[in-house]
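All remarks here apply to the structure that follows.
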């Protein structure tokens, strides 16, 4: 991938919460986990592990453990037939690291999200998760902490980024398109000094 392609992928990235009923190939899930595994890790401790879920039964059990778009709930929730085709659950092995793992998670998640998008697959990084229920569903041992879930699938929506106005809250227009306010570059970029 050339630099322009990577930049365009980053610029095109939007959170996807409505998916087509089309399977995400297992080999792509493997590549996504590999991109998460190879992300930077503080002190190179590598406390993260991943569970890929693509079977219908576990996917259906996971779905009610997740909360989607608080600002516009329930309009931001995937409707029937729009559920994710796969999930990657990110775990922290607390025998390796008990705190300060959030940077590792952020780097791994962004790698996986961008790698998915480069293959035409959208994602939603979910932190509002019923961790106890999800751990029981997936048989996660007690010394692991579920950090977050990456919901994946082929996009059935095209959210739009726009310049932040008075509120950071995302919203849907009359046609149902999601709009996501972003601070303008001039408000966040400083060169050589503040």
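Points worth noting:
- Chain lengthening between residue 131 and residue 96 when straightened (0.36 nm per residue, less Cα-Cα): 10.6 nm
- Take every pair of alpha-carbon atoms less than 8 Å apart whose residues are at least six positions apart; their mean separation over the length of the chain yields a relative contact order of 29 percent.
- Note on the chain: helix-only mean residue ellipticity at 222 nm, from DSSP H runs of 4+ residues weighted -39500 (n - 2.57) and normalised by residue number, equals -8500 deg cm²/dmol.
- Potential lengthening between residue 34 and residue 82 on full extension [0.36 nm per residue; Cα-Cα distance subtracted]: 14.6 nm
- Inter-part distance where segment 97-131 and segment 23-57 are each reduced to a Cα centre, Å: 9
- Spin-label pair residue 185-residue 12: with each label point 7 Å from Cα along the Cα-Cβ axis, the two points sit 1.9 nm from one another.
We did not get these values from a lab; they are worked out from the coordinates using the rules stated. Small disclaimer: the values here were computed from a predicted structure and weren't measured. Glycine also receives a Cβ, built like all others from the backbone with ideal geometry; neighbour counts cover every protein chain displayed.
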